[in-house]
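Just below is one structure, and these are the notes that go with it.
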Amino acid sequence: MFSPSSVLSDKTLLDILYQSPVATAIYVGEHLQIVFANNAMRKLWIIGDDLANQTYRDARQGSTPNLTTQLQQVWQTGVTYRQAAAPYTVTADGYIYTQYYNIELSACKDTDGRVTAVMHTAVPLNQTGISQHKNTGSTVVGNTESYTPAKGAVNDLFDAPVLETLIDNASIGVVIIAGEDNKILYANYSYSKMIGRNLNILCGSKLFDVLPEARAYFAPIIDEVRNHGRPVYLYDTPYSVYTNGEVSRGYVNVIYQPFTHPLTKVKGVLAICHDVTSQTLNKQQLETVNAKLQSTNHDLQLNQTGLRLAADTAKLGIWTFDPETNNFGLDPRCRSIFGLDADEAISKTDIETVIDEKYVPVVTQLVQNAYAGKPGMVEYYAINLKTGKRSWVRGSAQYIPPTSESSGHLIGTMVDLSAEKDEEKRKTDFIGFVSHELRSPLTSLSGYIQVLQLRASKTGDEKIIDIINKSRRQVDRMAALISGFLDVVKIGESRIQLDLSCFDLVNLLSESEAECNTVVQTHHMVYKPLTGAFVEADYDKIEQVLTNLINNAVKYSPQGTTIIVTAERRDDEVWVSVADEGLGISEADIPHLFERFYRAQSEHTKTIKGFGIGLYICKEIIESHRGRIWVESEVNHGSVFYFSLPLITKNL
């Protein structure tokens, strides 16, 4: 290892160390007697010059941090101790603030490996308070105080090159430069490692001949320190080193401290370099994460605002339920529906008092489905506790599983359907009134046509007979429409009547096949055989459903294409399907297809007549039989409509 003894005497090196801005102290013995403490360390400890026979414990009694235990461990084991960002209370310019330092406690050993001294350094990190060194880049500050070291036990250490060994082995890079050509008088191993150069070539070399890539940035700073005698502090400064064609980039904290050789009066610069690449990168990563978190929080706030605006626009009430406390959280709109005050608490037991008892099982099932991971929506009567008024409500529920930050809970929405239901009732009443009023003249018209048919058959006038037959079909069509409207009225008033009987679905399909073979001449009808499917149902209404699905297949598929009617047993159900090769249904239309008065809109359906009540009636009929109805479809690839009914066991 390069020795500075040929260039700098121990006394000179000691003087430089006293002038170093890096707080440095040296201890000997198991009681950690202080044999050396430079000016920077004394300022950090806030103590005077008299350290004779003092130990570290004496100097730092009642102060933070107190490293007595760590120093004793280093003395006993010889293992270096490091602590990052240790806080010290510092006084400067009349202010008291906290400054953070990277601390290193390292052992000096003799040739037999015995610890002879412990060196203590404290390197300041970025200033966090008000101080004469506060800066964001490089700042030139005033002259440091002069200090003449007292003679003492430290001189004994310099009889052997203890001080040199301590600095050589320090984890902080140290380099001493002199002259306008920045000649290197001394450099330790940590510095050579940081710049990627062999330690043996540094002594006597010019710094920027060895490290030309650093000249542009660092040369002016070193010149200013040497020429003006003022230190400069650099924090988190980026640097690049080129070694054998490879580039190393990092960040460094550097303190440039001027010193004067008392004998030759040559001004030089002591540079203390602490590689903080990992800390800086971690800090940058943390800042990036914080920025992302702030952005995410901003987005969440925007989303919450958007959700609130959407809820207000849709007049949605939002509620939550905590299973652990059995308490509900209700927003103002939910409280208005139930007639609850703003501060009125409501529990699971109380909620049943604001729901019509007829619909309690429906709401209970909704909640059970939500816990099972099947969110849904139901309609029920809600009771206003203040007015006693009942109003229709559509409610939804979804279960949010527990996380590390919150317990599992239910969340849902409520919307008051009173206005919507009133409007529906007015429409239904109007439809019912018009339908009843149309029935009487239509019945008379049907009778007149029957009379004309009898007379035309006697005259044998084929043209008149054809006109009368066409008129008859139109009257029958109108009668079917009126019957459909009346069915809608009955369904809306929950007055749909079922004439249940036990029958084999095979018979119904056979009758349907015979009728279609006679009536449907534009399409190829295919019925797949079924054996033994007994159901308890209203024969006429199931036939109405099947006929409606077949008529739709005929209406919405090109002439000459095939319509397939299939029935098959599936466990305890029978599935009936009607498949066509028609226009198909868009994915957006499918969820609404069974709603009242809904018709899928496209260029192909504009010319097809209908009021959008057929599938709605089919749905109500099938669901009143405890069955299901659904569709599978793709645009331009046809559709398959299904309905299912529960099977029964026929006792013979």
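Read-outs: derived from the displayed coordinates by stated rules, not from any lab. Nothing here was measured: the structure is a model prediction, and the numbers come from that model. No Cβ is skipped: glycine too gets one built from the backbone with ideal geometry, and neighbour counts run over all protein chains shown.
The charge dipole of segment 170-223, taken about the Cα centre with unit charges on the Cβ atoms of Lys, Arg (+1) and Asp, Glu (-1), comes to about 200 debye, rounded to the nearest 20. For His637 and Val247, a Förster radius of 45 Å and the Cβ-Cβ distance give a FRET efficiency of 0.15, rounded to the nearest 0.05.
Counting only residues at least eight positions apart within a chain, or on another chain, the aspartates and glutamates with an alpha carbon under 14 Å from that of Lys555 are Asp580, Glu581. Between Lys358 and Leu385, the simple spin-label model (points 7 angstrom out along Cα→Cβ) gives 2.4 nm. Extension gain, Thr561 to Lys292, is 91.0 nm, computed as 0.36 nm per intervening residue step minus the present C-alpha separation. When peptides 629-639, 384-394 are ranked by their average number of other Cβ atoms within 10 Å per residue, the highest-first order is 629-639, 384-394.
Please work out how much length the chain gains when fully extended from Tyr448 to Ser336, using 0.36 nm per residue of separation minus the C-alpha to C-alpha distance, in nm with one decimal.
In short, 34.5 nm is gained.
Using a cut-off of 24 Å between Cα atoms, the listed pairs Lys315/Lys389; Lys386/Lys421; Lys348/Lys374; Lys470/Lys541; Lys421/Lys541; Lys358/Lys425 include Lys470/Lys541; Lys421/Lys541 as exceeding that distance. Model label points for Thr403 and Arg215, set 7 angstrom from Cα along the Cα-to-Cβ axis, are 5.7 nm apart. Extension gain for Ala372 to Arg394 (0.36 nm times residue separation, less C-alpha to C-alpha distance): 5.9 nm. Would you mind classifying segment 180-301 by shape? Square roots of the alpha carbon gyration tensor eigenvalues, ordered a ≥ b ≥ c; an a/c under 1.5 is rounded, otherwise it is prolate if a/b is larger than b/c and oblate if not. It is prolate, given that a/c is not under 1.5 and a/b is the larger ratio.
Pop the C-beta distance of Lys528 and Asp422 into the FRET formula with R0 = 45 Å and round what comes out to the nearest 0.05.
So, using R0 = 45 Å, E works out to roughly 0.45.
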